[in-house]
1. What pairs come up if the first residue lies in segment 64-83 and is under 25 Å from D48 (Cβ atoms), the second is of a type outside the set (K, R) and loosely packed, with under 14 Cβ neighbours inside 10 Å, and their beta carbons are under 8 Å apart, counting only those six or more places apart or on different chains?
2. Under 9 Å between Cβ atoms, at least 6 apart or on separate chains: pull out the pairs that start in segment 132-145 with a residue that is more than 14 Å from A178 (Cβ to Cβ) and crowded, with 18+ Cβ neighbours inside 10 Å and end on any residue that is of a type in the set (K, R) and modelled with pLDDT of 95 or more.
3. Condition first: of a type in the set (K, R) and in a helix (DSSP H, G or I). Now tell me which residues in segment 145-189 satisfy that.
4. Could you tell me whether segment 164-184 includes any residue that is in contact with a Phe, Trp or Tyr (Cβ under 6 Å, 6 or more places away or on another chain), within 29 Å of E93 (Cα to Cα) and of a type in the set (V, I, T)?
5. Checking the conditions here, which among A152, A184, A129 is farther than 25 Å from M16 by Cα and at pLDDT 95 or above?
6. For segment 1-41, name all the residues that are within 19 Å of R197 (Cβ to Cβ), at pLDDT 95 or above and of a type in the set (A, V, I, L, M).
Amino acid sequence: MNCETMADLVLYTNPMSRGRIARWMLEEIGQPYETQILGYGEGMKSADYLAINPLGKVPALTHGDKVTTEAAAICAYLADAFPEAGLAPELSERADYYRWLFFVAGPLEACVVGRALGFEVPEEKYRMAGYGRYGDMLGALEGALSQRDYIAGNTFTAADVYVGAQVNWGLQFGTFEARPAFTAYAQRLASRPAFKRANELDDALMPKDG
């Protein structure tokens, strides 16, 4: 039993941000939460928000007096804070869960974002980087997803929220090659009711043309 009320969950986000990942995770746990939409610039750089996240970026989550930032950390935190949702494996079964959650949140995202920004690590300096070559990174993830329905096994977990969001965005914006394992995984996750609800909520908040 959690000692804090569910109303103590507050998501700070923007519909055009990684906050969509945290929104999806909140919809998966099925508990009430408040949403604070912050604009880029003044909204995210206000003194009040910088007291929550000094980087002035979203998402951030408050749960009572606790603060969690970084989308992958929010996913992992909520899975542990609300175990009744069944989104984290038993402790003895978490090797793949942690491995792929942090692989995608760390080296893979750094590699993909850097490449999208036009940055390539010089061949002679690859050993200095915390990630491998783009093809190797995608190959490692593809290998895992080719062997199972979900990233940590045959059961959906919080790791799939984060990994799935990255795969989905990568396919949508062309930063991931459209390999069969990725497209099948993205389609599998897109059928989840919580995924659909989260996208509908954020899409309704998107700026309207004109």
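The values are calculated or read from the model by the stated rules, or taken from the named source; none is laboratory data. Predicted model, so just to flag it, every value in this text is computed and none were measured. Because the Cβ atoms are built from the backbone with ideal geometry, glycine has one as well, and the counts that use them run over all protein chains shown.
1. So the pair list comes out as G64/E4; T69/L55; A81/N2.
2. A144/R99
3. Passing the criteria: only R188.
4. yes
5. A152
6. L9, V10, L11, M16, I21, A22, M25, L26, I29, I37
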